[in-house]
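Single-structure report; data block below.
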C-alpha cells in the first residue's frame, strides 16, 4: 500500500509553512493545489484563499470529503496529521471528532498526542 500524508492546507494551495510545507518538500504536494490528492499527500483545507482560517463547519465539510475519498481508495493508507491545529489555531479536541468513522486505511499521526494541542 502507498502511504499518503494528510495535511491542513489553504484554498490557494500555498504550502509555505507547517505540515503543508513538509508535504510539498517530502510528499509531492503541488503548489497551487489546495484540495485533495497530490503526489503522496492529501490536502484538507483549513484556510481560505486569503489564508484566513475557515469556520469549523467548512473544515468539517472538507474532512467529510476526505473520508469519502479514503473509503474509495482502499489501496492507499492515509496518515492524518492534526489539521487546523497549527497555523489555523484550532484545538485537537475541536478537530479530531470530525474524523470519527474514518475507514481502517486511515490512522492518526503521532503528533495528535502532542500535549500542547
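Please treat every number below as a calculation from the coordinates, not as lab data. Keep in mind that this is a model prediction, so the values were computed, not measured. Cβ atoms come from the backbone with ideal geometry, glycine included; neighbour counts cover every protein chain shown.
Each label point was placed 7 Å from the Cα along the Cα-to-Cβ direction; for residue 113 and residue 57 their separation is 3.6 nm.
When each pair of different Cα atoms in the chain is counted once in the 1/r mean, what is the Kirkwood radius in angstroms, to one decimal? For the chain, inverting the mean 1/r across all distinct Cα pairs yields 13.7 Å.
Rounded if a/c is under 1.5, else prolate if a/b is larger than b/c, else oblate: which is the range 65-117, with a ≥ b ≥ c the root eigenvalues of its Cα gyration tensor? Don't skip to the answer; put the middle values down first.
Values: a/c = 2.45, a/b = 1.95, b/c = 1.26.
It is prolate, given that a/c is not under 1.5 and a/b is the larger ratio.
Using a simple spin-label model with pseudo-atoms 7 Å out from Cα toward Cβ, residue 1 and residue 68 lie 2.2 nm apart.
A simple spin-label model places pseudo-atoms 7 Å from Cα toward Cβ; at residue 48 and residue 25 they are separated by 3.0 nm.
As a length-normalised measure over Cα pairs under 8 Å and 6 or more apart, the relative contact order of the chain settles at 27 percent.
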